Amino acid sequence: MKNKSIGKGTCSVWAGEEKSLMQNATQVPVVHSVSFGYKDALQWQQVALGKQKGHIYSRNTNPTVDVFENKICQLENAEKATSASTGMGIIHSTLFSFLVPGQRVVSVKDTYGGTNKIFTEFLPRINVEVILCNTTDHEAIEAEVAKGCDLLYLETPTNPTIKIIDLDRLARAGKKIGAIVVVDNTFATPINQQPLALGADLVLHSATKFLGGHADAMGGVVCGNKELIDQIYHYREINGATLDPMSAYLLLRGMKTLALRIERQNQSAIEIAKYLDSHPKIEKVFYPGLESHEGHEIAKKQMTGFGGMLSFILKENTFEAVGTVLANLKFAHSAANLGSVETIVGPPATTSHVECSKAEREAMGIPESLIRYSTGIEDIKDLVDDLGNALSKLK
């Protein structure tokens with residue numbers, strides 16, 4: 001079903017599944033088999049060498065996992081995709097597939113906390129130079145790329161302060177110098193943003209979040225051109241961070257409603273952002289759908305929807321105040337996740353940047369009184385009323 005004229009909603013439901021169905025089933029089978037047998041040794045060898053389609057061992061490939069990869073590949077209009085057991089698994093596999101000692105990475109300060117740890121702790125151990133620029137200073141990023149860059153890593157909207165990066169502009173800067181341009185599209189999803197169409201070489205997702213949408217399966221996936229994906233696949237198959245078939249099935253099941261969920265979350269998030277933006281106990285709201293957001297014009301240019309993620313800073317600037325709000329929310333899980341059908345809230349200190357110290361978070365512009373809010377699909381009136389009640393408990 002590789003057809004760009006098909007809508008994202010239809011693609012979410014149907015893409016990648018036709019060839020996997022068996023015995024008149026209408027749903028993708030979960031293939032739990034670890035290995036796949038061949039009576040013909042020559043055919044076995046051809047499959048093992050990748051010269052003939054098939055499966056040998058589920059650490060390498062698996063029929064159910066293949067369907068998941070094919071679906072996201074088609075949603076992102078990519079040549080090929082490969083997956084891993086978690087979002088961090090695919091981020092790690094992507095970075096370590098291409099970077100060797102002596103090379104140079106340019107990225108931004110506002111990446112997800114786990115990604116930031118790879119940049120600040122693990123890559124320097126193997127003598128990879130990492131330059132982290134102010135996230136919205138496009139001129140500074142371009143200048144660092146021009147000095148030399150083997151891989152440019154971008155994330156937009158960012159986690160958790162929802163900053164926006166001009167993908168077209170920076171992808172052109174990366175391409176000019178021959179860098180591999182990687183974009184984390186987790187917050188936007190392929191429904192709201194298409195990084196490959198904007199010039200990226202690779203687009204990745206923590207599938208645990210919006211793709212799955214039900215907080216019951218973990219996974220990560222990266223899409224792009226075949227040559228680059230083959231390199232990541234080889235690293236991942238040896239590294240062993242394999243997506244298991246049951247998780248792949250659950251992610252597939254969740255993705256059938258991806259377009260519907262994102263449409264609802266887009267609509268609700270902007271209403272919540274507007275409500276909070278005028279609330280007397282809120283210092284600042286971060287949401288690109290607000291005209292006051294510094295990245296609003298860029299977001300309008302490169303996104304078809306502003307997403308379900310927002311964050312806000314309480315005027316009562318204490319972690320205790322955060323606790324008060326969370327404790328009084330009725331329709332929200334206080335948990336380290338996002339992108340689910342249920343609203344999920346939490347401070348970066350216990351979610352996105354739990355690996356970082358308070359000083360490190362402050363250096364990234366993340367105050368202790370910031371709350372990350374992942375909008376669910378509940379009725380908008382109930383969510384607004386719930387926030388109003390929780391905020392009324394503050395001093």
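The values are calculated or read from the model by the stated rules, or taken from the named source; none is laboratory data. Note that this is a predicted model, so its numbers are computed, not measured. Please note: Cβ atoms are built from the backbone with ideal geometry, for glycine as well, and neighbour counts cover all protein chains shown. Quick note on the areas: whole protein, heavy atoms, side chains included, nothing else; ligands and nucleic acids left out. Shrake-Rupley method; radii C 1.70, N 1.55, O 1.52, S 1.80 Å.
What is the stretch 1-96 by shape, rounded, prolate or oblate, if you read a ≥ b ≥ c off the alpha carbon gyration tensor as root eigenvalues and call it rounded for a/c under 1.5, prolate for a/b larger than b/c, and oblate otherwise? In terms of gyration-tensor shape, oblate. Volume per residue for the chain equals 138 cubic angstrom (convex hull of Cα atoms). Couplings 3J(HN,Hα) for the stretch 267-277, derived from phi with the Karplus relation 6.51 cos²θ - 1.76 cosθ + 1.60 (θ = phi - 60°), are 5, 6, 4, 5, 5, 5, 4, 5, 4, 5, 4 Hz, where x marks Gly and Pro.
Taking only protein heavy atoms and a 1.4 Å probe, the accessible area of the chain is 53% carbon and sulfur. Computed over the chain, relative contact order equals 17 percent, with contacts defined as Cα pairs under 8 Å that lie 6+ residues apart. Helix 245-255 and the long axis of the chain differ in direction by around 50°, with both axes built from C-alpha atoms. Relative to the longest principal axis of the Cα atoms of the chain, the long axis of helix 167-177 makes an angle of roughly 50 degrees.
If you bin all the Cα-Cα distances of the stretch 60-160 at 5 Å, starting from zero, the percentages per bin are 2, 11, 20, 20, 18, 15, 10, 4, 1. Each peptide among 122-130, 32-40, 258-266, 369-377 gets the average number of other Cβ atoms lying within 10 Å of its residues, and from highest to lowest they stand as 369-377, 258-266, 122-130, 32-40. Amide hydrogen proximity for E155: with H placed 1.01 Å from N in the peptide plane, the residues at 5 or more positions away or on another chain lying under 5 Å are D184. Among the protein heavy atoms, those of Y235 account for about 60 Å² of accessible surface (1.4 Å probe, every chain in place). Rounded to the nearest 10 degrees, the angle from helix 380-391 to the longest Cα principal axis of the chain is 50 degrees. Cross-link partners of K226 among lysines, defined as those whose alpha carbon lies under 26 angstrom from its own and excluding same-chain residues fewer than eight positions apart: K2, K4, K8, K19, K51, K53, K71, K80, K175, K176, K209, K256. Could you tell me how far the Cα centroid of the stretch 212-226 sits from the Cα centroid of the stretch 48-97, in Å? First find each Cα centre; the distance between them is then 10 Å.
In the context of the full set of protein chains, the chain has a per residue accessible area of 43 Å² (1.4 Å probe).
DSSP assigns beta bridges within the chain; of those with both partners inside it, close to 60 percent run antiparallel. Measuring with a 1.4 angstrom probe and ignoring ligands and nucleic acids, V67 comes out at about 10 Å² accessible. Take every DSSP beta bridge whose two residues both sit in the stretch 53-207; close to 0 percent of them are antiparallel.
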